[in-house]
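Asker: Next up is a structure, given as structure tokens.
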Amino acid sequence: MIDRMIRAARLDVDLYEEVEANPALTQEAITVVVIIAVLNTIGSIIGSLFGPTTIGMAILGGVWALIGFFIWAWLAYFIGTRLFGGTADYGELLRTLGYAYTPNILGTLSFIPCLGALLSLVGAIWALVAMVVAIRQALDFDTTKAILTVVVGFIVYLIGLFIVAFVFGAGAALIGGGR
């Protein structure tokens, strides 16, 4: 698994083809995402000891990372197949995106003052690039369509996130008496 994670982070096209074609790696790809989410949560908890984030918020962030990954994989699948004519099933995309998640491991270091936020950002951007490669290989189309799938998916994901935040934020404000 570690070797595949390293190859995924290196943007090894052959790795993404292997993972796409091997349904036996679905659980392992999900495990990659879970491990990284847990490590990032631990990093956030360590950071909460020194900053404004609470332990509860750090744990909630880890849970959201897992839920968000599955939503993102489904959005990429739906947009890539319906809008851009890619050919894959959800499992193929889930596997390739699971490994493409690997660079997010840099978020584990988020607790390091100043440098941690930068490393997290580098990991997130690197993961987005890996996701373009993963989507391109899984959906069997060109890089332009893969980039468009990521961009459209990201916009839809953000809109959904803002709606959820508004609903829960407004609900929290009403429950808290608007304070």
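Asker: Output yes when any residue across segment 103-113 is in contact (Cβ under 8 Å) with a residue 60 or more places away in the chain and surrounded by fewer than 16 Cβ atoms within 10 Å (Cβ to Cβ), and no when none is.
Answerer: Scanning segment 103-113, I find at least one residue that is in contact (Cβ under 8 Å) with a residue 60 or more places away in the chain and surrounded by fewer than 16 Cβ atoms within 10 Å (Cβ to Cβ), so the answer is yes.
Asker: Would you mind stating whether residue 70 is surrounded by fewer than 17 Cβ atoms within 10 Å (Cβ to Cβ) and assigned to a helix (DSSP H, G or I)? Give the derivation first.
Answerer: Numbers: surrounded by fewer than 17 Cβ atoms within 10 Å (Cβ to Cβ): yes; assigned to a helix (DSSP H, G or I): yes.
The answer is yes for residue 70.
Asker: Tell me whether segment 74-83 contains one or more residues that are modelled with pLDDT under 90, in a helix (DSSP H, G or I) and crowded, with 21+ Cβ neighbours inside 10 Å.
Answerer: no
Asker: If I go through segment 121-145 residue by residue, how many of them are among the small types (Gly, Ala, Ser) and free of Cβ contacts under 8 Å to residues at least 40 places away in the same chain? Write out each step before concluding.
Answerer: Pass one, segment 121-145, residues among the small types (Gly, Ala, Ser): 123-124, 127, 130, 134, 138.
Then drop every residue that is not free of Cβ contacts under 8 Å to residues at least 40 places away in the same chain, which leaves 123-124, 127.
Of the residues in segment 121-145, 3 are among the small types (Gly, Ala, Ser) and free of Cβ contacts under 8 Å to residues at least 40 places away in the same chain.
Asker: Please go through (1) within 17 Å of residue 117 (Cα to Cα); (2) of a type outside the set (S, T, N, Q); (3) modelled with pLDDT of 95 or more for residue 18 and return the number of the only condition it doesn't satisfy.
Answerer: If we test residue 18 against (1) within 17 Å of residue 117 (Cα to Cα); (2) of a type outside the set (S, T, N, Q); (3) modelled with pLDDT of 95 or more, just (1) comes out false.
Asker: Contact list please: Cβ distance under 7 Å, first residue in segment 30-47 and at negative phi, second residue modelled with pLDDT of 95 or more and not in a helix (DSSP H, G or I), pairs at least six apart or on different chains.
Answerer: What qualifies is 32/101; 33/101; 36/101.
Asker: Can you pull out every residue in segment 114-168 that is assigned to a loop (DSSP other than H, G, I, E, B) and either under 19 Å from residue 65 (Cα atoms) or touching a helix residue (DSSP H, G or I) at 6+ places or on another chain (Cβ under 8 Å) (or both)?
Answerer: 141, 142
Asker: Just checking, which of 29, 58 is part of a helix (DSSP H, G or I) and more than 15 Å from the chain's Cα centre (by Cα)?
Answerer: Details: 29 fails: more than 15 Å from the chain's Cα centre (by Cα).
Checking each option against the conditions leaves just 58.
A quick yes/no check of all residues on (1) aliphatic (A, V, I, L, M); (2) modelled with pLDDT under 95; (3) surrounded by fewer than 20 Cβ atoms within 10 Å (Cβ to Cβ):
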| site | (1), (2), (3) |
| --- | --- |
| 9 | yes, no, no |
| 14 | no, no, yes |
| 22 | no, no, yes |
| 25 | yes, no, no |
| 32 | yes, no, no |
| 37 | yes, yes, no |
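Asker: Another question, if that's okay. Look through 8, 37, 24 and report the one residue that is closer than 23 Å to residue 149 by Cα and not charged (D, E, K, R).
Answerer: 8
Asker: Quick test of your reading of the structure: residue 50 fulfils all but one of (1) surrounded by fewer than 16 Cβ atoms within 10 Å (Cβ to Cβ); (2) without any contact (Cβ under 8 Å) to a residue 12 or more places away in the chain. Name the failing condition by number.
Answerer: The number of the failed condition is (2).
The values are calculated or read from the model by the stated rules, or taken from the named source; none is laboratory data. These figures come from a predicted structure and were not determined experimentally. Neighbour counts are summed over all protein chains in view; Cβ atoms, including those assigned to glycine, are modelled from backbone coordinates with ideal geometry.
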